[in-house]
Structures are given as structure tokens and as C-alpha cells.
Amino acid sequence: MSLVLLYLAGLGAVSGRWLARQHLAAKPWLSAGPSLTLPPDGGTELAAKLALGIFLAVVGLLFALLVAAYGMRVPPGSTGIPLDPRLLWLTTGFLGLASLLLHRAGRAARRGAEDEAHATLLAAVAASLVFLGGQGLAWRLIWEAEAGRTADAAGSFFVLITLLHGLHLAGGLAALARIAVGAAWTGSPARLARSIGLCTLYWDALLVIWLVAFGILFRTPWSGLIDVLCRPPA
Amino acid sequence: MVDTPIGAAGPFPGSEPDEAELYHPHSWLTRYVFSQDAKVIAIQYSGTALAIGFVALILSWLIRLQLGFPGLFSFIGPAEYYQIITMHGMIMVVYLLTAVFLGGFGNYLIPLMIGARDMVFPYVNMLSYWIYLLAVLVLVASFFAPGGPTGAGWTLYPPQAILSGTPGQGWGIVLMLASLILFIIGFTMGGVNYVVTVLQARAPGMTLMRMPLTIWGIFTATVLALLAFPALFVGAVMMLLDRLLGTSFFMPMIIEAGQRLHYGGGTPILFQHLFWFFGHPEVYIVALPAFGIVSDLISTHARKNIFGYRMMVWAIIAIGALSFVVWAHHMYVSGMNPYFGFFFATTTLIIAVPTAIKVYNWVLTLWRGDIHLTVPMLFAIAFIVTFLNGGLTGLFLGNVVVDVPLSDTLFVVAHFHMVMGVAPILVIFGGIYHWYPKVTGRMLDERLGRLHFWVTFLGAYLIFFPMHYLGLLGVPRRYFEITGLGFIPASAASLNAFISVVALVVGAAQVVFVVNLIRSLWHGVPAGGNPWHATTLEWQTPDTPPRHGNWGARLPVVYRWPYDYSVPGAAEDFVPQNQPSHTAGVAP
Ligand code: HEM
Ligand SMILES: [Cu+2]
């Protein structure tokens, strides 16, 4: 759980910095009159960004908890997952590609090249679908090797983490597909660019989360770090 | 005091409503059922939560009848008893209290108190409610499922929660976990919305330090909930996989009835960590909104500014942050490193400091106030007393050496009912008596309200005070029947019977409340816009009940903090937040 506490401390530091700028030491009973510090303009763009940021902080916590659980459950001598990691490198590649494509689509939309943005978005949807398909295949392979049921639990964690990660991506895909289709007729490149920007942030975050999970599930060199952070002291 | 008189028009570019952004209902269905108006959603949340809460109340009757008069009902055996206490506990904590405070009060009060037209994402807000309703229905379905609801205790500890010895092992536990997962998804949608609304949609002039403490409480509690529920989510998903797919996240190697199960290697303690990482902050998810609401009730009904506003805000934030580092005080008897016990006991006791500050400040607010003993005020004062009471026994239990013998006795049950059962419920009642006039335009009946208050308040003490004593005698918690425990005197049975009779009376008194709620819709005294002469924005709306969009053509402009009561030289004993000068008459 130390990892989770560290994560929370990070969030705390960010919110603390923000709070420190909010004049929490002001004496509100002395200062009648319209305040000079207006609340930020409630533009929908900022609100959507903020909402996504908060949601991602919560999603990040979810995965931090899963990693912590992994540390407490999987024995240090675990052999990891009985699966050829090359399959996962491939799927990872597609998720990275989807992310890149989204960045490109965003740039195109900002330039006003709507058709290009539209096409690139569809490509990003396709790449994400390939990623999900690949993860599903890996899922099945592990399941068939019965690794999902062993006492080692690394396989079970693989199933659990890819499942939750995949569901989050699927949710994002629903939003992205709506934008990709809607983009044909909204006719406002600025709005399109904004929506793509939000999706890009979401994809980037899910990519980072996946890379961390991947690293842990295959006990790469940084798994040692997990042992330090998540193993409960006896 | 520096007053800068500025016309209500004000030089605020952002203060014109952006009509294009407002959602407009087109039919009866979208206005009252699939509504995106936070006020309607608030009523839906509260109504659903109170309805399911009534189920939990009936369940508490059954528990009490069994404990007070063992064998009275042939249909309650040990298995049914477990199912009843489990559902009672889970419904009360999650589906009633959390939903009422955040989904109910949060939805109604956040936009109105900060001067917004609605939540920032009304559509997501609506989804949040419907997913909550689905979660409740799934939970209710488990009563009718084969084998009945789960009897694992509201803590759902594995391994027993999913083993065949536990009632509801077939469908019950699966439906419970599914329902919790749905609840968390729905709540997260609402929660992100509440936070962003408070951050982004405040009216001009509404700085953070001019927000009523109600908003501070709900806001901080929402942040806590967003950070605490994921732990329960992870725990629930993992247990569901253990149960359905046969993984062994929590399940160690087990031999059941001579048979070795296919589980192996799991750590039950991991679940306890996840559960309490959620479970302890949950106490404050319920308590912080209650703190906030009580502060506003006391200030309004004592016609005095809240004592130590800034300290109150800081204390809310400090309590929220600290509540994430105390969870293992629920696991003293699960076995842990003694240094950890020391650490968690220390952090637990440190939380008492900001909490005590709040209690002192409430008392100092009352000190020499112009106290009006209205029904909301009675409930608010009762809350302070009850919370103090429960907090003090919490100090006992926070110490490892005291907790170990008391753990799993009725002392613990009495403690947590005082602090997170009775106390928040009192605030919910107080809040409803206070804001009902705004919601409906009519007052609740005063005499019925007083009857409801006194029976509930005194009754709660008669129920839970003696329960501490039973706990000290060693009466264990979660026991269907107490037989063969020589150290428990026979008189304990009479006390148990007494408690049960009172519990029946208190439960019945809630019918008075419901009757009042319904009757007053038609027969209540018309309330006008601001019956309590309160300063906060929700009482300054152009219409009562507020219409869709809340503020008519113009957003309010905020000129002062929410506690300008009895200001010397002011024309009346309160100055609304949107009134430019305190010597002027009431703002138009
Ligand atoms: C009408 C008033 C209430 C009465 C008479 C009542 C009574 C009881 C009783 C007798 C038990 C079982 C004790 C045992 O043998 O283990 C219990 C358990 C519990 N109650 Fe209540 N209760 C009431 C209201 C509430 C409220 C408002 C809450 C909200 C926090 C609550 C939360 C719980 C919890 C969490 C448990 C533990 C369930 C478990 O052991 O799994 N109760 N209650
Ligand atoms: Cu606790």
C-alpha cells in the first residue's frame, strides 16, 4: 500500500499547490464587495479538460491499487506469465500507434484539414481495435494454459489488469467513434480539435498505464521496485 | 468593513447565461423522469435512498426482535440473521447515507449555493442517478434470488464470503459485488461532476473562502469518495473473479468438508486492506457533509456567524487528508506488525484534533447566540452531542490495547452507530426540515417535526447507550443467539429486550416523518422564498421552488461571505450574500 500512499501524496501535492493559491488564509468576513479574484470562467472547454484530468487521476489510483495488490499477493519468486511477450509487444505497438495517430489527427484538425483529421481518427479507432483484439487473444492463451487459476496469481493479475484496462479503452473508443462519425457533419474544426485533444490525453494516459502494467506483469528489471514499494513488511 | 457599492449589473462579462449551454426539457418525461436538472436528480436520489433506507430500517427491527426475544420468529434462523445484518449494514452505509449526502444534498445544494445554473455536465449527472438506481435494484434482486442475499457481514471478508458455509454464496454475493461495482461507476460520474462544478461554475464573487461550509463539506467528501471507492472497486472485482472464474486472489488453500478446494495461495488480508482503505474514508464521506450542513444550520438558527470559519475549512481539509492514513485501525485483531499498530493508533488519535476544533467552534457559535429552537436546530444540536459521544468512544477504540478486548463486541456496534449511524441521520433529518421549504415552497409541520425529533433522539440514546454496557459485559457482535456464555449475566437479556422495544418505537416514529413529508406537500404553510432569513444564495432565488436554470435572467453576484448574521448597523439581522451593501434593504 506504500505505493498507493505515494500516489496519493502526489495528488495531494498537486492539490496542495493549487489550494495554496486559493487565498485560504483570507478573512472573508472583512472583505465585503465583489471579490477581485473571480472564479475561473466556466468555459466548457476548461471544464471538460478538468473533468477528464480528475477522472484520469481516479483511474490512475485504480491501477496503483492493482499494482499494490500484485505486490502483496504474487510471491517474490513468481515465474510471471506463461506467455510469449512478443505478442504483447505487438499489441503495445498498436496502442502506441493509436496514440500517435490521435496526435496527428489533432494537428490536422487545428490546421483545419477536416477530412484528413477524420481519416486519421478512423485509423486510430482501427489501431485501438487491433490492440483490444490482441489483448483478448493473450487473455485466451493464458486462460487455456490455466495460468489464470494457479496459486502464483501472476496470470490472474494479467487477466484482471488487461480486463480493466481494456474496458477503459473500450469506453474511450465509444467516445472516439462518436467523434469520428460526428466529425463528418459538425463542421466546426475548433470543436473537433478540442474533442480530439481530450481523446488524445485519455489514450496517452492509458498507454502509460499499460506500459507500467506490462513491465510489472513480466517482471522486467523494474519489478524489483515494486517489491520495495508494495511488499508488506513482515 | 469595506463596502464597494456596485450596481447589480456589475462589470462581470461572464455573468450572462449562456443560453445555448442550458439543457431544456421538452416533455413531461424529460422534465420529471429522465431529467437532467440537478434539482430533480437530487429528489430522485433522495427518494430512492430513503426508500431503500426504509428496508434497512425494517431489517434492523428484525435484528432487534431476534436479539431481544430469541426465537420469536420461526423464519429467522442463524443463516437468515446473517443475511439480515449484512443487508442492513451495507444498505445503511452505502446505499442510504452516501447516496443521500452526495447524490441528494450534493445535487440540490451545490448549484444553488454556489450560484450556478446546474451541474456542469447535466447528462452525465442523469446517468449517474440511473446507474445508482440500477445498483439498488440489483441489490434488491438478491433478496429474491435463489439462496437469498449474502450473509457475509457488511465487510464481506473472504474467504468465508464466497464459501459454501455462508448464506447467499450462490447468487447473493455475486449480486452484492455487482451492485457495489455499479454503485461506484455511477457515483464516479456524479462525483467528477460535483467537483468540476464547484471548481468551475461558481457565480462571480463566489471565492472559495466565501463558500458555505455545506459546500466545503460536500466538496471534500466527494474528493474523498473519488479516491476511496476505487479500493472497494478493485476488491469487489477481484472477489468476483475468485467467485466466478476460480482465481485465487484472496483465497488461500482451503479444505472444506474434507474436500480440498481448487483455491490456493491467496491472501485474505489483502481484501481487508482494500476494504478498509475504502471503509475508513467512508466514515468521513458521510461525516464531512454532515459537518458542513450542521455548521450552516447552527449559524442560521442561532443568528450568529460561524465561529472560526477558516479553521472550519482547514479542519475539513485536514480530516479529509488524514482519513487516508488510519484504515488499519480496523485491523488490529487481524494481526500486524506492532509498529504498524502504533502508527495507526497515533494517526487515529491525531484526527481527533481537527475534529475537536470543529466541535468547539460549533459550541462557540451557539454561545450567546439568538438561538431559535426550530426543528432543524434541534437536530443540529442533537448531532453535536451524539457525534461527540461517538467520537469519545472512538478514542477508546483507537488504542490497540483497549480495542483488542472490545473488538467484535456490542461496544463497537454502539460506537459506530453513534458516530456514523445516528449522527449523520440526525443531520439528514435536520437538513430536510431546513431545505424542504425551498424544495417544495411549503413548511413541514412543526408539531409533527418535534414529535419526530424527540422520539428519534431520545430513542436513539436509549437504544445505543445501554449497548455500550452490553459490549463491556462481553456480549459479542454478530451473534444470532447468546447461549452458553457463562460470563454474561441473565440480566443482559432484559436489557436486550428493552433495547428492542425502543427500536420498534423509534422505527415507528419515522412514519410520522414520512407522513409529514407527504402531507405538507399540500397542507404545509406556504414558506415564501426565505423562511429562515438565511444569507446563502439558495434562499435568494427569484422563484420558490427554483425553476430550471435557478436564477432567471441573471446569475447572482456575490458580495460577501455566507455568515453575515446580526451585523451591527444592518437593517435586518441577516445580509444575503448577493446584497451589495449591508445597510441597504433586502436585495431585489
Ligand atoms: C434504526 C436504527 C438502527 C438500529 C436499531 C440498528 C441496529 C443494529 C443491530 C442490532 C446490528 C447488529 C449487531 C450485531 O449483532 O452485530 C446492526 C448492525 C449494523 N448497523 Fe445498524 N441499526 C440502526 C441504524 C443504522 C444506521 C443508520 C447505520 C449506518 C451507518 C447502521 C449501520 C450498521 C452496520 C454497518 C452494521 C454492521 C453489520 C455487520 O455486522 O455486518 N445501522 N445495527
Ligand atoms: Cu476507521
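The values are calculated or read from the model by the stated rules, or taken from the named source; none is laboratory data. Because the structure is predicted, anything quoted here is derived from the model rather than measured. Methodologically, a virtual Cβ is constructed for each residue, glycine included, from the backbone with ideal geometry; neighbour enumeration extends over all protein chains shown. Accessible surface areas use protein heavy atoms only, side chains included; no ligands, DNA or RNA. Shrake-Rupley method; radii C 1.70, N 1.55, O 1.52, S 1.80 Å.
Long-range amide H contacts for B:Arg442: which residues qualify at under 5 Å (H placed 1.01 Å from N, peptide plane, sequence gap of 5 or more or a different chain)? Excluding prolines and chain starts, which carry no amide H, the hits are B:Ala527. Mind scanning A:Lys49/B:Lys39; A:Lys27/B:Lys39; A:Lys27/B:Lys304 and naming the pairs with a C-alpha gap bigger than 20 Å? Checking Cα-Cα distances, A:Lys49/B:Lys39; A:Lys27/B:Lys39 exceed 20 Å. With θ taken as phi - 60° and the Karplus curve 6.51 cos²θ - 1.76 cosθ + 1.60 applied, the whole-hertz 3J(HN,Hα) list for the range A:102-111 is 4, 4, 4, 4, x, 4, 4, 5, 5, 6 Hz, x standing for glycine and proline. Taken residue by residue and averaged, Cβ atoms of other chains lying within 10 Å of the Cβ of B:200-212 number 6.
Less than 10 Å Cβ to Cβ from B:Pro562, Lys/Arg counted +1 and Asp/Glu -1: what total charge do the surrounding residues give? Around B:Pro562, the surrounding residues sum to 0. The Cα center of the range B:231-256 and the Cα center of the range B:316-359 differ in position by 28 Å.
Share of pairwise Cα-Cα distances greater than 22 Å in the range B:387-474 is 39 percent (whole percent).
Residue by residue along A:67-75, Cβ atoms of other protein chains within 10 Å of the local Cβ number 4 on average.
Applying the Karplus relation 6.51 cos²θ - 1.76 cosθ + 1.60 with θ = phi - 60° to the range B:407-418 yields 3J(HN,Hα) values of 4, 6, 10, 5, 4, 5, 4, 5, 4, 6, 5, 4 Hz, where x marks Gly and Pro.
Spatially, the range B:435-475 and the range B:507-536 are offset by 16 Å when compared through their Cα centroids. Leaving ligands and nucleic acids aside, the B/A contact buries around 4900 square angstrom of accessible area in total at a 1.4 Å probe radius. If R0 equals 35 Å, the separation of the Cβ atoms of A:Arg107 and B:His24 corresponds to a calculated FRET efficiency of about 0.45. Highest mean first, the peptides B:57-70, B:298-311, B:362-375 sorted by other C-beta atoms within 10 Å per residue fall in the order B:298-311, B:57-70, B:362-375. A Förster distance of 45 Å, applied to the separation of the beta-carbon atoms of B:Ala493 and A:Lys27, puts the FRET efficiency at 0.20. Principal semi-axes of the equivalent ellipsoid, √(5λ) from the alpha carbon gyration tensor of chain B, are 42, 26, 23 Å from largest down. Using the Karplus curve 6.51 cos²θ - 1.76 cosθ + 1.60 with θ = phi - 60°, work out ³J(HN,Hα) for each residue of the range B:531-543 in order, rounded to whole Hz, and write x for Gly and Pro. Each residue of the range B:531-543 in turn: x, 8, 6, 9, 8, 6, 4, 4, 8, 9, 5, x, 10 Hz.
Computed on the range B:328-435, the Cα convex hull volume stands at 100 Å³ per residue. For chain B, the longest principal axis of the alpha carbon atoms and the long axis of helix B:309-322 meet at an angle near 30°. Using a Förster radius of 60 Å, what is the FRET efficiency between B:Phe69 and A:Ala119 based on their Cβ-Cβ separation? Nearest 0.05, please. According to the calculation, E is roughly 0.20.
Helix-only arithmetic for the protein assembly as shown: the sum of -39500 (n - 2.57) across DSSP H runs with n ≥ 4, divided by the residue total, places the mean residue ellipticity at 222 nm at -21500 deg cm²/dmol. Around the amide H of B:Thr409, modelled in the peptide plane, lie the amide H atoms of B:Arg477, all under 5 Å away and 5 or more residues distant in sequence or on another chain.
Evaluated at q = 0.10, 0.16, 0.18 Å⁻¹, a Debye calculation over the C-alpha positions of the range B:33-211 (equal weights, vacuum) places log10 I(q)/I(0) at -0.46, -0.90, -1.04.
Neighbours of B:His533, meaning other residues whose beta-carbon lies under 9 angstrom from its beta-carbon, give a summed charge of -1 when Lys and Arg score +1 and Asp and Glu score -1. Once the Cα atoms of helix B:268-301 and of chain B are each reduced to a long axis, what angle between those two axes, in degrees from 0 to 90 to the nearest 10, is obtained? Once rounded, the angle reads 30 degrees.
Count Lys and Arg as plus one, Asp and Glu as minus one, and take only other residues whose Cβ is under 15 Å from that of B:Met176; the net charge is then 0.
For the protein assembly as shown, the Kirkwood hydrodynamic radius comes to 28.2 Å, computed from all pairs of different C-alpha atoms. Distance distribution note for the range B:533-588: the fraction of Cα pairs above 19 angstrom is 25%. Working value for the range B:439-576: equivalent-ellipsoid semi-axes of 48, 19, 14 Å, each the square root of 5 times a Cα gyration tensor eigenvalue, largest first.
Per residue, the accessible area of the range B:533-588 comes to 37 Å², computed with a 1.4 Å probe over protein heavy atoms only.
Here the Kirkwood formula puts the hydrodynamic radius of the range B:154-200 at 12.6 Å, using every distinct Cα pair.
Counting only protein heavy atoms and a 1.4 Å probe, the range B:33-211 has 27 square angstrom of accessible area per residue. How far is helix B:446-473 tilted, in degrees, relative to the longest principal axis of the Cα atoms in chain B, given as a value from 0 to 90 rounded to the nearest 10? It works out to around 30 degrees.
With a 10 Å cut-off around each Cβ of B:556-562, the average count of Cβ atoms from other chains is 4.
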